[in-house]
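Visitor: The structure that follows is given in the form of structure tokens.
The values are calculated or read from the model by the stated rules, or taken from the named source; none is laboratory data. Just so it is clear, the structure is predicted and the values come from calculations on it, not from any experiment. Glycine gets a Cβ as well: all are built from the backbone with ideal geometry, and neighbour counts include every protein chain shown.
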Protein chains: 2
Amino acid sequence: MKACALAGGVGGAKLSAGLQDALSPGDLSVVVNTADDFDPWGLRVCPDLDTVMYTLAGVANPETGWGLAGESFAFLEAVSGYGGDTWFKLGDRDLATHVLRTQKLRAGHTLTGVTAELSQALGIPGRILPMCNEKVSTLLKTPAGLLEFQEYFVRRRQRDEVIGVDLRGIEDARPTGAVLEALSGADVIVFCPSNPVVSLGPVLSVPGMREALAAAPAPKVAVSPIVGGRALKGPADRMLSSLGHEVSSAGVAALYEGILDGMVIDRTDEGQRGDIEALGMAVLATDAVMHDPPDRGRLAREVLEFGAGLGA
Amino acid sequence: MKACALAGGVGGAKLSAGLQDALSPGDLSVVVNTADDFDPWGLRVCPDLDTVMYTLAGVANPETGWGLAGESFAFLEAVSGYGGDTWFKLGDRDLATHVLRTQKLRAGHTLTGVTAELSQALGIPGRILPMCNEKVSTLLKTPAGLLEFQEYFVRRRQRDEVIGVDLRGIEDARPTGAVLEALSGADVIVFCPSNPVVSLGPVLSVPGMREALAAAPAPKVAVSPIVGGRALKGPADRMLSSLGHEVSSAGVAALYEGILDGMVIDRTDEGQRGDIEALGMAVLATDAVMHDPPDRGRLAREVLEFGAGLGA
């Protein structure tokens, strides 16, 4: 069975790791949000791509969910000594990823090509696919003004109320050939439990992406990132609320209406089954919280089975 | 007293440190070779500028003469993990210099401006001046073919016979305003004991540099990098020989004929006094080998006194 996952950062990386465990080597493709990429110190940093890559390679920092295990920060200390900004915690080993990527991008490689090279070098059997090769930047409208995503997310620790989202450059972006191929060749398409606004939102906003999803023959299922009215990680709950959406699995399902065939929710949210079914989606209520690596594989297998069943 | 030194890497950095000790804060300018700059991993690395900068800041690695004391190499290990080239030993802290410099150069700053910012942040009171802002690259003709300088120097450990030197881009280079000001405003101009072919050679080859030296009112003295027929460090002796020059203090003096007023040689080479004087230069024979930091200050003071005396 071939699966194509759509993912943002930590939550997307966890379920992707479960899917990688559940599938035969090479049968997983992960389409990743790149709208929070940015260029600290002139280096192209792709936080979601790297979180997925490090997690699938088994080298991610298990404490933080991002960055590398056993990382050191001598570079950052030296930058600080020069009086430079150091709010983005770029580790010494992590830096190799960004330096090599920046070098290859400047030499004319695509982000898709560079990502394939790096992830193959790390021994990842499947494919990690940037949603597009063009540069897209998520800008958040807040009472404090327009903030770049990493400024909001890392520097200001998500404390600002998000009252609007602007995806700069999205109109010139297109799903890559590799993304189109992964979608059309999949047996199941899985929306990971990532932020529906700023993680999967940009992926779905790439012109042509919704059409490609509609044309793909595979059943499409999502795993809710909201459990019991709260986000499992990050600011998705507050963001949904301040943008006028319902903060619930049903609220997330409503954002994916017309795209999905099924929704995987936590047992806690069993009471929302009727609301979600009313949107034309089948519902699987299970233990949707991934506490540890075995949880990831178990949830991934349930999601794949649920999805495959919807295609029958 | 204001001094302007011309320097390459380790030998130049040592005497510059001595000059910094001997002079009042801010009275030293060092014009540095940039023809062995190169771009590993797309980062602008300036080995001679950095050796001088780290040495004057007191943070250089005393074992190697280049790089930083207490350096770590996690970045390089990670690059190696990606299958990248790692023959150039770029440390994690050192990397901050190259990343910040590359970022600023790409943003349109000059190498002179960037170097001033970095060296001020490191607390250096004087001025470290790239010989020019344009990119110049030393290419060495060898029996193995044309080699980039760092390829010859670091990767192939100077094992190739140098039969020619090509300074690519030199015709478009010009001494910067800061260099011209440092030369014209100096009370003494000191040629450091650097390789006369590939360190001071490029500096003197910048179109307009010899004219600026000739116009500068200060006496000009050099410290010989050859003692007892051997280079104190590096391949200068073999390079002089394979290029048809005499491997001696007198041989070095001959390369600087018409520019210098005086030559500082080691007592070992006292016998060459007559040959050097015949080139129209005064000679100071002293202990010209710098074994430790006190040696640097002592030699610097002798050089300054010798030079100042020639101007009287």
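Visitor: On the given criteria, is A:Gly91 closer than 17 Å to B:Tyr82 by Cβ and not polar (S, T, N, Q)?
Guide: Numbers: closer than 17 Å to B:Tyr82 by Cβ: yes; not polar (S, T, N, Q): yes.
Criteria met by A:Gly91.
Visitor: Determine which member of the set B:Val289, B:Val283 is part of a loop (DSSP other than H, G, I, E, B) and either surrounded by fewer than 17 Cβ atoms within 10 Å (Cβ to Cβ) or more than 17 Å from the chain's Cα centre (by Cα) (or both). Full working, then the answer.
Guide: Working: B:Val283 fails: part of a loop (DSSP other than H, G, I, E, B).
Only one candidate passes the filter, namely B:Val289.
Visitor: Note down all Cβ pairs under 6 Å where the first residue falls in region B:298-312 and is within 14 Å of B:Asp287 (Cα to Cα), the second is assigned to a helix (DSSP H, G or I) and modelled with pLDDT of 95 or more, and they're at least six residues apart or on different chains.
Guide: B:Leu299/B:Gly18; B:Ala300/B:Gly18; B:Ala300/B:Leu19; B:Ala300/B:Ala22; B:Arg301/B:Ala22
Visitor: How many residues are without any contact (Cβ under 8 Å) to a residue 12 or more places away in the chain and at the interface with another protein chain (Cβ under 10 Å from one of its Cβ atoms) when one looks only at region A:90-126?
Guide: Step one: filter region A:90-126 for residues without any contact (Cβ under 8 Å) to a residue 12 or more places away in the chain, giving A:96, A:103, A:106-109, A:113, A:120-121.
Then drop every residue that is not at the interface with another protein chain (Cβ under 10 Å from one of its Cβ atoms), which leaves A:96, A:103, A:106-107, A:120-121.
Qualifying residue count, region A:90-126: 6.
Visitor: Something else: Of all residues being of a type outside the set (A, V, I, L, M, F, W, C) and modelled with pLDDT under 95 in region B:9-19, which is surrounded by the most Cβ atoms within 10 Å (Cβ to Cβ)? Just the residue, please.
Guide: Taking region B:9-19 as the starting set, the residues that turn out to be of a type outside the set (A, V, I, L, M, F, W, C) are B:9, B:11-12, B:14, B:16, B:18.
Filter once more, so that each one left must be modelled with pLDDT under 95: B:9, B:11.
Numbers: B:Gly9: 27, B:Gly11: 24.
Selected residue: B:Gly9.
Visitor: I'm told A:Glu77 meets every condition in (1) at pLDDT 95 or above; (2) out of contact with any strand residue (DSSP E or B) (no Cβ under 9 Å at 6 or more places or on another chain); (3) in a loop (DSSP other than H, G, I, E, B) except one. Can you identify the failing condition by its number?
Guide: So the condition that A:Glu77 fails would be (3).
Visitor: Additional query: Of these, B:Ser194, B:Ser184, which one is of a type in the set (Ser, Thr, Tyr) and surrounded by fewer than 18 Cβ atoms within 10 Å (Cβ to Cβ)? Steps first, please.
Guide: Numbers: B:Ser194 fails: surrounded by fewer than 18 Cβ atoms within 10 Å (Cβ to Cβ).
Criteria check complete, one pass: B:Ser184.
Visitor: Say whether the condition of being under 20 Å from the mean Cα position of the chain (by Cα), basic (Lys, Arg) and in a loop (DSSP other than H, G, I, E, B) is met by at least one residue in region B:171-192.
Guide: Within region B:171-192, one or more residues are under 20 Å from the mean Cα position of the chain (by Cα), basic (Lys, Arg) and in a loop (DSSP other than H, G, I, E, B).
Visitor: What are the residues in region A:84-99 that are of a type in the set (A, V, I, L, M, F, W, C), assigned to a loop (DSSP other than H, G, I, E, B) and either at pLDDT 95 or above or surrounded by 14 or more Cβ atoms within 10 Å (Cβ to Cβ) (or both), if any?
Guide: Taking region A:84-99 as the starting set, the residues that turn out to be of a type in the set (A, V, I, L, M, F, W, C) are A:87-88, A:90, A:95-96, A:99.
After this cut, where a residue has to be assigned to a loop (DSSP other than H, G, I, E, B) as well, the list is A:87-88, A:90.
A:Phe88, A:Leu90, listed by residue number.
Visitor: Based on what the data block shows, is B:Trp66 closer than 17 Å to B:Ala13 by Cβ, more than 9 Å from chain A (Cβ to nearest Cβ) and in a loop (DSSP other than H, G, I, E, B)? Steps first, please.
Guide: Values: closer than 17 Å to B:Ala13 by Cβ: yes; more than 9 Å from chain A (Cβ to nearest Cβ): yes; in a loop (DSSP other than H, G, I, E, B): yes.
Against the criterion (closer than 17 Å to B:Ala13 by Cβ, more than 9 Å from chain A (Cβ to nearest Cβ) and in a loop (DSSP other than H, G, I, E, B)), B:Trp66 qualifies.
Each row is one residue, and each column tells you yes or no for (1) out of contact with any Leu (no Cβ under 7 Å at 6 or more places or on another chain); (2) in contact (Cβ under 8 Å) with a residue 24 or more places away in the chain.
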site: A:Val30; (1), (2): no, yes
site: A:Trp41; (1), (2): no, yes
site: A:Gly65; (1), (2): yes, yes
site: A:Leu68; (1), (2): yes, yes
site: A:Ala78; (1), (2): yes, no
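Visitor: So A:Ala216 clears everything in (1) hydrophobic (A, V, I, L, M, F, W, C); (2) over 23 Å from A:Glu148 (Cα atoms); (3) in contact with a Lys or Arg (Cβ under 7 Å, 6 or more places away or on another chain) except one condition, right? Which one?
Guide: (3)
Visitor: Mind listing whichever residues of region B:77-90 are aliphatic (A, V, I, L, M) and within 26 Å of the chain's Cα centre (by Cα)?
Guide: Residues of region B:77-90 aliphatic (A, V, I, L, M): B:78-79, B:90.
Answer for region B:77-90, where residues must be aliphatic (A, V, I, L, M) and within 26 Å of the chain's Cα centre (by Cα): just B:Leu90.
Yes/no matrix, rows are residues, columns are (1) part of a helix (DSSP H, G or I); (2) out of contact with any Asp or Glu (no Cβ under 9 Å at 6 or more places or on another chain); (3) not hydrophobic (A, V, I, L, M, F, W, C):
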site	(1), (2), (3)
A:Glu211	yes, yes, yes
A:Ala214	yes, yes, no
A:Val221	no, no, no
A:Gly234	no, yes, yes
A:Asp237	yes, yes, yes
A:His245	no, yes, yes
A:Ala250	yes, no, no
A:Ala254	yes, no, no
A:Glu257	no, yes, yes
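Visitor: Oh, and also: Taking region B:100-143, which residues are part of a helix (DSSP H, G or I) and either basic (Lys, Arg) or crowded, with 21+ Cβ neighbours inside 10 Å (or both)? Steps first, please.
Guide: Taking region B:100-143 and keeping what is part of a helix (DSSP H, G or I), we get B:100-106, B:111-121.
Selection gives B:Leu100, B:Arg101, B:Thr102, B:Lys104, B:Arg106, B:Leu111, B:Val114, B:Thr115, B:Leu118, B:Ser119.
Visitor: Another question, then. Need the failing condition index for B:Gly81 against (1) away from chain A (no Cβ under 13 Å); (2) surrounded by fewer than 22 Cβ atoms within 10 Å (Cβ to Cβ), just the number.
Guide: Result: B:Gly81 fails condition (1) only.
Visitor: May I ask you to say which residue of B:Thr51, B:Thr34 is within 16 Å of the chain's Cα centre (by Cα), polar (S, T, N, Q) and closer than 23 Å to B:Arg298 by Cβ? Spell out the reasoning first.
Guide: Values: B:Thr34 fails: closer than 23 Å to B:Arg298 by Cβ.
That would be B:Thr51, the only listed residue that is within 16 Å of the chain's Cα centre (by Cα), polar (S, T, N, Q) and closer than 23 Å to B:Arg298 by Cβ.
Visitor: Here's a follow-up. Can you name every residue in region A:36-75 that is under 20 Å from A:Gln150 (Cα atoms), of a type in the set (A, V, I, L, M), touching a Gly at 6+ places or on another chain (Cβ under 8 Å) and buried (at least 23 other Cβ atoms within 10 Å of the Cβ)?
Guide: A:Val52, A:Ala60
Visitor: Any residue in region B:205-216 that is farther than 14 Å from B:Glu181 by Cβ sitting within a Cβ distance under 7 Å of a residue that is part of a loop (DSSP other than H, G, I, E, B) and among the β-branched types (Val, Ile, Thr)? List the pairs, counting only those 6 or more apart or interchain.
Guide: Cβ pairs passing all conditions: B:Arg210/B:Ile259.
Visitor: Still on this structure, I have one more. Quick one: how many residues across region B:22-63 are out of contact with any Lys or Arg (no Cβ under 6 Å at 6 or more places or on another chain) and outside any helix (DSSP H, G or I)?
Guide: Qualifying residue count for the region: 25.
Visitor: Follow-up. Looking only at region A:153-179, count how many residues are touching a residue at least 24 places away in the same chain (Cβ under 8 Å) and buried (at least 17 other Cβ atoms within 10 Å of the Cβ).
Guide: 11
Visitor: Which ones in region B:191-246 are acidic (Asp, Glu) and within 20 Å of B:Ser29 (Cβ to Cβ)? Please lay out each step first, then the result.
Guide: Quick first cut of region B:191-246, residues acidic (Asp, Glu) only: B:211, B:237, B:246.
B:Glu211, the sole residue that qualifies.
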